[in-house]
Amino acid sequence: MTEPIVQVSPAWAVLTPFLLMLLALTAAGLNGALVARTAGRPLRSGLAAPLGEVARLLRQRRQVTVAADVVLWRIGAAGLVVVAILKILVIPLGPWTLADLDVGVVWFNTMDVMTWALFWLIGWGANSAYALVGGYRFLSLAVSYELPLMFALIAPAVAARSLQVGDVVAAQQDLWFVIWMPVAFVIFCGSVIAFSSWGPFATGAGRDIAGGFLADVSGVDRLLILAGRYAVLTAGAAFAVPVFLGGGGGPLLPEWLWTIVKTFLVLAVFVAIRHRVPTIRPDRFAEVAWIIVLPAALLQVLVVAIIVVGS
Amino acid sequence: MGLTSVLARWASKRVHVLIIEVPGWGASRMLLEAELDRRGWAVALSPADADLLAVCGMPGEELRAACDFVWNQLPGPRARVNVTGSGSLSTLLNEASAHLGDDSAQREDARSRSQNTVAEDSAPDAGEHDGMAPEEMDHGSMDHGMDHGEMDMPMPGGIPLAEGGDDRDGLEMDFLTVPFGPVMPHWPAGLVVDCVLQGDVVVSAQARVLEAVSAPTEVSTEEMTYLVEARLRIIRLCDHASQLLALAGWQTAAQNARRLRDDARWSADIAEHVAPLDRLRRRVERSVLLRWSLKGISLGGISVGRPVGGTDALAEAGAATPADQAGVAIRDRLIGWLHEAAALAATSSDTRSPAAGDLDRAREARDLLGALPALLRGTELGTARLLIAGLGLDTAALAPAHERTHD
């Protein structure tokens with residue numbers, strides 16, 4: 001039932017940021033509702049909370065700290081949204097895609113490596129101890145998650161014998177990759193949460209260091225960073241769909257709608273995890289990441305490779 | 001004007017409040033936090049994140065200076081309130097919210113601020129911005145407080161460069177002198193820890209407490225007369241647990257502890273809280289991730305955990321308090337708090353239990369404050385925060401009117 005993925009006119013690219021931000025806003029609304037529920041307030045008040053946040057950040061003056069590295073700081077703040085948009089360019093929406101690059105999987109990986117620089121710049125630019133420590137923490141986390149993430153992305157590419165996202169979707173017509181490479185899927189999801197500095201991996205913006213890299217940003221800069229974090233998280237959830245969850249495949253609904261539904265479901269799980277688990281400290285995580293997670297990812301790739309060669 | 005007023009209206013639904021607690025005014029802070037929860041307002045983690053500065057209590061001279069300094073760091077629109085009782089809390093916040101939404105007043109405020117800055121910049125030798133004295137308490141942008149030694153070094157923005165020194169691995173790394181507190185989320189009221197950092201590792205630390213000008217007497221005491229000692233103890237234990245859980249990054253559990261704390265203040269029958277407190281304790285005990293995350297973080301040889309009130313009751317209930325053991329793990333401390341709170345709630349049917357004297361509490365607080373520097377030395381910042389929270393330091397118990405310094 002799945003047709004080959006077709007590349008549509010680049011003019012449609014104008015719409016992608018809107019779709020991305022709409023999904024990100026929905027995620028923020030869901031987050032607000034969950035927070036409201038734990039505080040014993042009506043869910044509806046929480047759903048609207050992101051709009052209130054946007055309004056107050058638009059009204060707030062942006063502040064500059066003493067001897068801040070303003071240029072790098074602003075690049076970091078604005079970059080997250082840009083990276084998220086660049087990520088979703090290679091993600092097919094049902095049968096359509098903007099750019100079916102022959103190295104689509106690598107493209108996504110390249111973009112997520114950009115977040116290393118961006119979070120570090122946000123932490124560096126403020127010229128403040130808390131922000132700097134937040135930047136350090138993100139980098140030490142990144143050293144732990146990046147290699148497992150790369151291997152987790154290689155597994156579907158090996159199975160599809162292609163780095164092209166369209167081929168990866170086509171290879172899942174019979175069986176979704178999540179079924180026979182669950183380890184890679186779990187590692188991928190964990191890494192998305194980590195590179196979005198989200199939930200248990202949000203130590204870079206931790207409460208113990210007064211918000212870390214967020215400690216000194218205000219006004220529109222803060223809005224861009226917070227929106228960018230949601231956007232990067234959304235893009236990560238969206239990429240799980242073509243790579244592990246069979247793209248637009250599914251009964252009844254049109255393919256483009258399936259892509260959005262699946263993306264939202266993955267995103268909802270990410271958001272729900274946010275406040276429910278304690279922080280994973282980067283120094284503790286490094287050990288686990290290198291001794292357990294990375295070998296697990298390699299084993300997964302090995303198993304996939306053997307199956308692919310054997311079939 | 002239509003758009004700005006719409007923005008102002010939306011923004012007023014989600015005010016971020018930076019709370020500064022003065023030692024001894026914990027009750028005001030807790031009431032404020034409960035009110036913020038009810039309104040759906042958020043607690044700000046840093047001044048840059050805040051619209052409203054709420055000072056809970058009557059700060060002494062130095063703490064007041066710190067408050068003024070932080071007030072300067074609020075980006076604006078901004079408002080400031082002083083919370084000293086519960087009666088007018090709602091009105092106070094409504095007024096602050098209205099002030100935040102008042103565009104012309106905020107514009108006037110912004111204009112006067114920028115004029116101040118210009119005046120300072122044009123003054124000769126005005127190296128530092130924001131009218132900041134080098135000794136003043138900073139937080140949020142902690143970089144200002146760096147070493148003032150070498151004046152012939154290049155000074156970007158009027159700040160001398162950090163000096164290098166060998167770190168714990170024998171590599172050269174910059175020393176950064178950073179005062180922690182008195183304005184920090186989940187931080188003992190009025191505590192200042194002057195740290196020397198290398199990266200995010202504490203090389204050395206000095207602890208002191210900024211005092212209140214007066215203890216809460218009028219309104220809050222009236223508020224508290226019906227709260228007997230055991231209940232106060234439960235509230236304090238839940239508050240400690242909530243702070244520690246929040247620092248461990250577990251927001252839902254921290255929120256849970258906070259609600260139990262607030263319920264304990266208002267509910268008629270404290271015995272109702274036994275079950276929820278036990279549930280929370282079991283939840284904390286079950287969490288594998290928390291166990292792993294807090295593994296190996298312990299208070300060393302510091303003797304902590306002497307229950308202040310209701311010791312006999314506790315022994316009857318068979319509570320395992322980690323009293324006077326060597327090396328109390330932070331996780332055990334947390335579970336011990338919740339256990340003690342549940343035991344107190346079960347046994348005290350609001351009868352006045354034998355309270356430890358103020359002298360005892362003051363001595364314990366002084367001992368803990370004295371032990372702090374040795375405890376923090378060589379720890380990573382996140383660990384240091386957990387350790388400080390794990391002490392359950394009661395800064396209000398310290399003798400008022402003068403500062404104490406330990407190193």
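Every number here is computed from the coordinates shown, using simple stated rules; none is lab data. This is a predicted model, so every value here is computed, not measured. Using ideal geometry, Cβ is built from the backbone for each residue, glycine included, and neighbour counts are taken over all protein chains shown.
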Quick check on the exposure proxy: order A:K262, B:K295, A:K87, B:K13 from fewest to most C-beta atoms within 10 angstrom. B:K295, B:K13, A:K262, A:K87
By its C-alpha gyration tensor, with a ≥ b ≥ c as the square roots of the eigenvalues, how is the stretch A:63-310 shaped: rounded for a/c under 1.5, else prolate for a/b larger than b/c, else oblate? prolate
Net charge over other residues, Cβ less than 14 angstrom from the Cβ of A:A55 (K, R count +1; D, E count -1): +3
Report the one residue of A:A129, A:L294, A:P148 whose Cα lies farthest in the direction of the positive end of the charge dipole of the stretch A:63-310 (charges on C-beta: Lys and Arg +1, Asp and Glu -1; origin at the Cα centre). A:A129
Among the lysines, which fall within straight-line cross-link reach of A:K262, defined as a Cα-Cα distance under 28 Å, with same-chain neighbours fewer than 8 residues apart omitted? A:K87
Potential extension, B:Q115-B:D167 segment - 0.36 nm per residue separation minus Cα distance: 14.4 nm
Give me the distance between the Cα centres of the stretch B:14-82 and the stretch A:50-107, rounded to whole Å. 31
Could you list A:V243, A:V54, B:V193, A:V308 in order of exposure, starting from the residue whose Cβ has the fewest other Cβ atoms within 10 Å? A:V308, A:V54, B:V193, A:V243
Summarise the partner chain shielding of A:33-39 as one whole number: the mean count of Cβ atoms from other chains within 10 Å of each residue's Cβ. 4
Given the Cα-Cα distance of A:A268 and A:L72 and 0.36 nm per residue of separation, how much length would full extension add, in nm? 67.3 nm
Sites A:E287 and A:W256, calculated FRET efficiency, Cβ-Cβ separation with R0 56 Å, nearest 0.05: 0.85
Contact order normalised by residue count of chain A, Cα under 8 Å, 6+ apart, percent: 26
